[in-house]
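Throughout, read-outs are computed from the coordinates displayed, never taken from laboratory work. Worth saying up front: this structure is predicted, and the values here are computed from it rather than measured. Using ideal geometry, Cβ is built from the backbone for each residue, glycine included, and neighbour counts are taken over all protein chains shown.
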Amino acid sequence: MGLDIRIPLGLIFLAIGGMMSIFGLITRGSATIYEKSMGINLNLTWGAIMFVFGLVMFLIGRRKKWQDDPVTPRPWERGTGIRH
Amino acid sequence: MLVYFVFVLGIGFALKRYMRTSNDFFLAGRSIPAWVCGLAFISANLGAQEVIGMGASGAKYGIITSHFYWIGAIPAMVFVGVFMMPFYYGSKARSVPEYLRMRFDEKTRAVNAFSFAIMTVFSSGISMYAMALLIQTLGLFHGIIPDQYIFHVSVFLSAIIVLGYIFLGGLTSAIYNEVLQFFLIVAGFAPLVWIGLRNVGGWEGIKRTLPTNMTHSWQGMAHASTNTLGVEWVGLAMGLGFVLSFGYWCTDFLVIQRAMAADSEVSARKVPLIAAIPKMFFPFLVILPGLIAVSVTSHMAGTPAAVIHSRTASGHAVPLDEQHPHGIIPQKIDPINGQPVLDTNGNPVYNYDLAIPVMLLHFFPTGILGLGLTALLASFMSGMAGNVTAFNTVWTYDIYQAYINKKGTDAHYLWMGRMATIGGVVLSIGAAYAVTNFNNIMDALQLVFSIVNAPLFATFLLGMFWKRTTGHGAFTGLIAGTAAALVHHGLTLPTDALPGMHGGWLAVVHHYPSDMAQNFWTAIFAFSVNLVVTIGVSLATRPREEADLVGLVYSLTPKPAEGHLSWYQKPSALAVGVLAILIVLNLVFA
């Protein structure tokens, strides 16, 4: 398939993780919000973890893009003529 | 949450241009890598019933619920990967009913195709219903949409989203979304378990709070009366572990379809094995929250249980009953009069289905709460989408192409598949409303599923591993097995149930300690009758020529060539690894 699943997967985690981290940063001093999670800023920590995961997935997806692409020739096929 | 919806539909659009033939649409062009299929494989199964139901049983029965994973899924997944996948994938069948036609005959396929199509529509309807009900109960859109419309808006919104991405991208889109949903579910529930465990003092803390039979999965399995499920180990191992789980994981096209989309036979065989690894650890994500929910004592700050109760303005503090701990589980509220539901003895009934949602509200602050709820909705949608894609394939290939229009062009079948998607979603909405209007229909449907599914595995087992099995044998066996399940259900009754929906509508000749035990034994009977009848009739009828069966039967099919793979790439090595982890897990929580 032309679209590597890791790219959208990476993007969605980048977006959600990013939003959560920013929200966590803004609200990091607020005691009322984090009373529920026993004083742990889950937004910031988990958001950051998700962001990193998303970044890794996205980069891997970008790097390996040619592997799953049916149209552009693979590296070892270049120069051997047109495929399909 | 909006971000998620945008992505979901975006994938559909991005994949639309790759959908050129019906093969692309229904089988994802057989080009998906094994790990992607593997994640989709469990995600499709991780529907509403799974997340809500397992959390609920975790809260109700304890860690023993993990048997549904460790006994009731993993061995079957290993079996289907190692032994059965070569026939599904290698026979070039496009669906499970189509395999039945190639192996047996037209009538066996018709029975399977029709019963399967009807079941998928109803299960996706139930998924939709459960989701809408949950949204309504939690009041998620409270203040945005008028209360009386929340249910309808939820049903239609979820239907349109699922319809959108499947219509555009077919199975590929469904699989991609299932992978996203899988990661979202993990991302949403993992911090929940972590924070919950911290709160109750870790696994040791749970052990201190709860009775011992809730924290040991094998304790008291020797006799039905000494464990929380009310099942003895024979019924558990044979009924759940063998008949029901193999019947589901090895024959249900909903999950097999994911594996059939893999890019090669080796990949297809690895799909269920890869899926088995996260599946083994899912109890920690879905059952543990249930356990934590009952361990948390009510003196915690900011109890959201009160938030849910506030609408009924009851605000009562129920004393913690040592025998049935309920922690932060809210009471069941009658949707009509808003009063707490009481059982026949006047005790309040707890709504265990809300175990996981309540945990989310209890521990998650604003922000990550959105993620948790999105994860919950994602799980509902993945279950729904799985049913819809399985439905459109079976409808188009096994009903439409087989009986209605045999000579259409490929473009025509692609068009039909899209129409079937719309049809399937519309029928699901209908099913969702049918479930809403008839109280008992849910129980009745689950009963029908178990009766139809129970004997299936015997047919496949004999078909794949005994070349003498004939089409007539398979057909009569299937019918006889279903009939046996019905009769068994009609003759037995769980204790403390009245004859009727729960069984005993013919005559009561035997009492089971629980409805779960009855269910397992129904499956065992159906399986045995099917096995015996199929063998009997097969011996009496003429078998097919062996040449016709190459690629369809074990003894006549060349073993898949694995010589070029190193040992760690072989499916069997993976299978041994999976089984080893399984045994360790069982010992740890024994």
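Shielding by partners for peptide B:36-45, expressed as the average number of C-beta atoms from other protein chains within 10 Å of each residue's C-beta, is 1.
If neighbour count is taken as other Cβ atoms inside 10 Å, put B:GLU98, B:GLU265, B:GLU545, B:GLU178 in order from fewest to most. With the sparsest Cβ surroundings first, the list reads B:GLU545, B:GLU265, B:GLU98, B:GLU178. Look at the stretch A:12-23: the mean tally of other chain Cβ atoms within 10 Å of its residues' Cβ atoms is 4.
With R₀ set to 60 Å, the beta-carbon distance separating B:ARG468 from B:PHE284 gives a calculated FRET efficiency near 0.85. Listed values for region B:287-293 are Karplus-derived 3J(HN,Hα) couplings in whole Hz (6.51 cos²θ - 1.76 cosθ + 1.60, θ = phi - 60°), namely 8, 4, x, x, 5, 5, 4, and x replaces Gly and Pro. Past 21 Å, Cα to Cα, is the threshold; run B:LYS92/B:LYS467; B:LYS107/B:LYS270; B:LYS92/B:LYS270; B:LYS92/B:LYS406; B:LYS270/B:LYS467; B:LYS406/B:LYS467 against it and keep the listed order. Over 21 Å Cα-Cα: B:LYS107/B:LYS270; B:LYS270/B:LYS467; B:LYS406/B:LYS467. Electrostatic tally near B:GLY38: other residues with Cβ closer than 13 Å to its Cβ, Lys and Arg +1, Asp and Glu -1, net +2. Comparing Cα centroids, region B:352-424 and region B:115-132 end up 9 angstrom apart.
Using the Cβ-Cβ distance between B:LYS107 and B:SER528 with R0 = 22 Å, the FRET efficiency computed as 1/(1 + (r/R0)^6) comes to roughly 0.45. Shielding by partners for peptide B:366-376, expressed as the average number of C-beta atoms from other protein chains within 10 Å of each residue's C-beta, is 5. Taking amide hydrogens as placed 1.01 Å from N in the peptide plane, the amide H of B:TYR512 sits under 5 Å from those of B:LEU493, B:THR495, each at least 5 positions away in sequence or on another chain. Per-residue Karplus couplings for region B:521-532, computed as 6.51 cos²θ - 1.76 cosθ + 1.60 with θ equal to phi - 60°, are listed in order as 6, 4, 4, 4, 5, 4, 4, 5, 5, 4, 4, 5 Hz, Gly and Pro entered as x. Evaluating 6.51 cos²θ - 1.76 cosθ + 1.60 at θ = phi - 60° for every residue in region B:377-389, the Karplus couplings come out as 5, 4, 5, 5, 5, 5, x, 5, 4, x, 5, 5, 5 Hz, glycine and proline recorded as x.
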